[in-house]
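Remarks on the structure that follows.
The values are calculated or read from the model by the stated rules, or taken from the named source; none is laboratory data. Because the structure is a prediction, the values reported are computed rather than measured. Cβ: placed from backbone, ideal geometry, glycine included. Neighbour counts: every protein chain shown. Note: accessible area is taken over every heavy atom of the protein model, side chains too, but ligands, DNA and RNA are not part of it. Shrake-Rupley method; radii C 1.70, N 1.55, O 1.52, S 1.80 Å.
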Amino acid sequence: MTVDEYKEEVERNRPRMLSVARSYLKASEEAEDVVQDVLLKLWQLLDKLRIPMGPLALVLVRNRCVDCLRRLQTTIDIPENVAESEPACDERYEKVMQLVDKLPTMQQTIMRLRHMEGMEMYEIAELTGSKEAAVRKSLSRARQAIRQQFKQQSNE
């Protein structure tokens, strides 16, 4: 792609890129930053780009927005050695363990194998007779369920 073609593609696609970024981030400044980052990345790939650039640009904007949203999520640290930790951490650990006990059997198993036994995804897949992608999906759903239930309990 030439520089002139790139400029034309940017003029054509920038409004849509901004719209997508704003729909994810709600903050106009952050959306502008995301679009600028994506345009810089596309500029660096100028010799490899082809027309139309729009679909690739929108995917990159969406992915960058999701990355930004993930960075904003709060996380809860569970200490390695609960016995030596402070009482508040111990209470949070107990709450999380109670929530794990309420999960469906397969999700419980995967959570325990991954986080308590320290097994890798492929090992868990072999052990459970599942595919690695299915194990990842199940682990993600289990974590999400625990996160939501923990937040609900914290707000009560």
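Report the residue count in region 117-142 for those that are open to solvent by less than 90 Å² (accessible area, probe 1.4 Å) and assigned to a helix (DSSP H, G or I).
Final tally of qualifying residues: 13.
Yes or no, residue by residue, for (1) within 28 Å of residue 71 (Cβ to Cβ); (2) assigned by the TED database to the domain that holds residue 68; (3) assigned to a helix (DSSP H, G or I); (4) open to solvent by 70 Å² or more (accessible area, probe 1.4 Å):
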position	(1), (2), (3), (4)
18	yes, yes, yes, no
29	yes, yes, yes, yes
34	yes, yes, yes, no
41	yes, yes, yes, yes
51	no, yes, no, yes
55	yes, yes, yes, yes
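Could you grab me the full set of residues in region 1-16 that are open to solvent by 70 Å² or more (accessible area, probe 1.4 Å) and either aliphatic (A, V, I, L, M) or assigned to a helix (DSSP H, G or I) (or both)?
Selection gives 4, 7, 8, 11, 12, 15, 16.
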